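Heads up: the structure comes next, in structure tokens.
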Amino acid sequence: MAHAHDDPTGENRAQSELTASNRVAFVDQYPTAARVTRLCFGVSFTALLIGAVLGIVQALHRTNVFRGVIRSVDYYTVLTGHGVLLALFFTIFFLSGVFSWGVARSLGRDLLSRRFSLFWFGLQLAGAAGVALAIFGGFVGEIPFEADVLYTFYAPLQAHPLFYAGLAAWLVGTWLAGADWIRLYLHWRRDNGGERIPLQTFMVLTTTLMWYIATIGVAVEVLVFLLPLSLGLLDSVDPLLTRTLFWYFGHPVVYFWLMPAYFAWYTILPKLAGGRLFSDPLARVVFVLFLILSTPVGFHHQYADPGIAEGFKFVAMTNTMFLLLPSFLTAFTAVASIEYGARQRGGKGYLRWMTALPWSNPAFAGCALAGLMFAAGGFSGIVNAGMNINSLIHNTLWVPGHFHLTVGTASALTMMAISYWLYPQVTGKRLQFYGLAQIQPYVWFIGMALMSNAMHRAGLAGVPRRTAEPQYQQFSFEAVFGSVPEMRLQIAAGAMLLTIGALLFVTVMVGTWLAERGRGRLRVDSHLPEPISGVSDSPRVLDNMKLWVVVAVVLVAIAYGFPIYSMLADGAFNPAVPPVPV
């Protein structure tokens, strides 16, 4: 085993600020939260590994580089598994873990009930296992399971009932996780009546409330329509209504992928850079904006759907453009915090200060590179959000090129990077294979740069997404730059580097998990320095969660009330004209 290391970044100054309680390892100070975090991370990283393997199989098959693993008919099973495992389970299990850590750390108390916390984790795990079993049963003809419905699981595609039942159980588990964090906050509030909400807890609470609002749509879709349909209790459903209910949830889930990244960029990354957060008030404003604006935008995924009136698509587009504001605020605050840290480390000049940053530290490097990719993904997302230019790239490889920059790098790479700093705290063990951890963020970054670049260019050439056979007889795609064979090779090469990056990360995590707990204090700790502009500089109204929930619900009602009412006018279970039996 390679020599063990921990993240040394920013420790000299931070160590002098530690209190006696900070010197106790998190795993010893908050054992229930540490255990829940470890369990959630274990499931998250397992989903990442399986999803990465499915991803390389999919990429090599589609690009015609190597087709010896699966048949084209199984491509859609692979695609479903890749999307569901990575977009739902890798991300949300990680969120459940890091939020359990964050709320315990910031409130200074452990989760209230070990039994309740393990219950919601077990429910999430059982649901995820049922979903995975339904998907992978499609590879075995003798097993009556199948779920080739892709990540966007709406009618008329239909899965086995186990798929929908598993989704329902997993969803209830996430609701209970949120209730666990809220219970802990209320318990803290009784003892700290006049104090402001700690920043990490503020982020957890706003994200949880977002989740409750956004998951109403997918819960209704699954429990009222798709599960009864798969059980034979319904003969048909309205595909337009199920699509709308899915995308009511389907776009907000993007921000649940990103919330752990924002959580880390605001509260952990400044420390890793050797400095402090630039502004606590700006961080709170950003999370409030996400709470009120993230849900009433789903119709921008239905621009090509003739069943939605143009006016409501325009409202969704406008709301989506407003969501650029919290992203721009985050870019400003994160860069300002990093620059402050670099100058604390001796950095000079307009740009030369960047050379003073700890680029050899995998936790910092991964977060910083993820932020760069997120900026690129934001620019391609503006194209997706526009009603007119969206038609140029609709249903092409541009779309997965975009979300591989967001969830595939901004979220995924940040989650992996922060794990290098956080996992030792919840295990009490030194990080193993540190050399592999140091190169892993760069391998992932290069792989994603290659793959997403080729995907965007292929999308501009009109190459479709979600098909095992993107070649058509008597038709050839004309690339704006390069050639189609070159883009296919670039996608395959990028996918291989991404798979290597995932394997490197899992190797480091498994090695750390299997290592023996060493003697002495860890060189990483959960202490976070106070922001330059603290909570006292922000208005108290930002902490009024009831107000922001009311605003969010009103905006949702404006965006979705009349369209859904019109869909229900001819009967909730009647397909739109002409009838579309399932």
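The values are calculated or read from the model by the stated rules, or taken from the named source; none is laboratory data. Just so it is clear, the model here is predicted, and its values are computed rather than measured. For neighbour counting, all protein chains shown are included, and Cβ atoms are generated from backbone atoms with ideal geometry for every residue, glycine included. All accessible areas refer to the heavy atoms of the entire protein, side chains included, with ligands and DNA or RNA removed. Shrake-Rupley method; radii C 1.70, N 1.55, O 1.52, S 1.80 Å.
Give the peptides 175-185, 264-274 in descending order of average Cβ contacts within 10 Å, highest first. The partial results should precede the final answer.
Details: 175-185: 20.0, 264-274: 25.8.
Put in order of decreasing packing, that is 264-274, 175-185.
Distances over 14 Å make up what percent of all Cα-Cα pairs in region 29-92? Please report the intermediate quantities before stating the final value.
Numbers: 1215 of 2016 pairs.
The proportion of pairs with Cα distances above 14 Å equals 60 percent.
Between 0 and 90 degrees, rounded to the nearest ten: what's the tilt of helix 362-385 against the longest Cα principal axis of the chain?
Rounded to the nearest ten degrees, it is 30.
Say a paramagnetic label sat at a point 7 Å from the Cα of PHE116, along Cα to Cβ; which residues of region 182-211 have their backbone N under 17 Å from it?
Residues 182-191, 205, 208-209 qualify, since their backbone N sits under 17 Å from the label point.
So which trypsin sites (Lys or Arg not before Pro) in region 297-381 end up in coil per DSSP with only 12 or fewer other C-beta atoms within 10 Å? Before the final figure, lay out the partial values.
On the way: sites: LYS313, ARG343, ARG345, LYS348, ARG352; in loops: ARG345, LYS348.
In loop regions of region 297-381 (DSSP not H, G, I, E or B), the sparsely surrounded trypsin sites (Lys or Arg not before Pro) are LYS348.
Give, in nm to one decimal, the length gained when the segment between ILE216 and VAL480 is fully stretched (0.36 nm per residue of separation minus the Cα-Cα distance).
On the way: separation 264, 0.36 × 264 = 95.04 nm, distance 4.21 nm.
Fully extending the segment from ILE216 to VAL480 adds 90.8 nm.
What percentage of all Cα-Cα pairs in region 46-191 are separated by more than 26 Å? Could the numbers behind the result be given before it?
Details: 3792 of 10585 pairs.
Distances greater than 26 Å cover 36 percent of the Cα pairs.
Can you tell me how much longer the chain between LEU503 and ARG71 gets when fully stretched, taken as 0.36 nm per residue apart minus their C-alpha distance, in nm with one decimal?
Details: separation 432, 0.36 × 432 = 155.52 nm, distance 2.48 nm.
Extending this stretch completely gives an extra 153.0 nm.
Taking R0 as 41 Å, what's the FRET efficiency between MET321 and LEU223 from their Cβ-Cβ distance, rounded to 0.05? Can you show the working numbers first?
Values: r = 33 Å, r/R0 = 0.80.
Calculated value: 0.80.
Could you give the longest part of the chain that holds none of the GluC sites (Glu not before Pro) found in DSSP loops with at most 11 neighbouring Cβ atoms within 10 Å?
Working: sites that count: GLU142, GLU195, GLU478, GLU516.
For GluC sites (Glu not before Pro) (loop position, at most 11 other Cβ atoms within 10 Å), the longest site-free span of the chain is 196-477.
Report Rg (one decimal) and Dmax (nearest whole number) for region 191-346, counting Cα atoms only, units Å.
Answer for region 191-346, Rg first and Dmax second: 19.6, 69 Å.
Report the percentage of all Cα-Cα pairs in region 373-459 whose separation exceeds 19 Å, rounded to a whole percent.
Details: 1765 of 3741 pairs.
Summing the P(r) of region 373-459 above 19 Å gives 47 percent of all pairs.
For the chain, with all protein chains present and a 1.4 Å probe, just round the carbon and sulfur fraction of the accessible area to a whole percent.
Details: 15050 of 22640 Å².
Percent of accessible area from carbon and sulfur atoms in the chain: 66.
So how compact is region 434-533: Cα radius of gyration and Dmax in angstrom?
For region 434-533, the Cα radius of gyration and maximum Cα-Cα distance read 21.0, 69 Å.
Can you report the principal axis dimensions of the chain using only the alpha carbons, biggest first, rounded to whole angstrom?
The Cα atoms of the chain stretch 70, 52, 50 Å along their principal axes.
Tell me the angle of helix 114-136 to the major Cα principal axis of the chain, expressed in degrees between 0 and 90 and rounded to the nearest ten.
Once rounded, the angle reads 40 degrees.
Two decimals is fine: what's Rg over Rh for region 168-272, C-alpha atoms, Kirkwood radius as Rh?
That ratio is 1.11, to two decimals.
In straight Cα distance, which lysines are under 29 Å from LYS348, not counting same-chain residues fewer than 8 positions off?
Cross-link targets: LYS271.
Could you provide, to the nearest whole Å², the per residue accessible area of the chain with probe 1.4 Å?
Numbers: 22640 Å² over 582 residues.
Counting only protein heavy atoms, the per-residue value for the chain is 39 Å².
Report the charge-dipole magnitude of region 419-573 in Debye, nearest 20, computed about the Cα centre from +1 at each Lys and Arg Cβ and -1 at each Asp and Glu Cβ. Intermediate results must be reported in sequence, preceding the final value.
Details: 12 positive and 9 negative charges, 126 e Å.
It works out to roughly 600 debye.
If R₀ is 60 angstrom, what is the calculated FRET efficiency for the pair ARG183 and ASN388, using the beta carbon separation as r and rounding to 0.05?
Efficiency for this residue pair is about 0.80.
Using +1 at the C-beta of Lys and Arg and -1 at the C-beta of Asp and Glu, which of THR32, GLY217, GLY459 has the Cα lying farthest in the positive direction of the dipole of the chain?
The one lying farthest along the dipole's positive direction is THR32.
For the chain, find the longest principal axis of its Cα atoms and tell me its angle to the long axis of helix 434-460, 0 to 90°, nearest 10.
30
Looking at region 263-355, I'd like the Rg to Rh ratio, where Rg is from alpha-carbon atoms and Rh is Kirkwood's inverse mean 1/r.
Details: Rg = 18.2 Å, Rh = 15.2 Å.
Computed over Cα atoms, the ratio is 1.20.
Mind jotting down the distance between the C-alpha centroids of region 368-434 and region 262-327, whole Å?
Computed from Cα coordinates, the inter-centre distance equals 15 Å.
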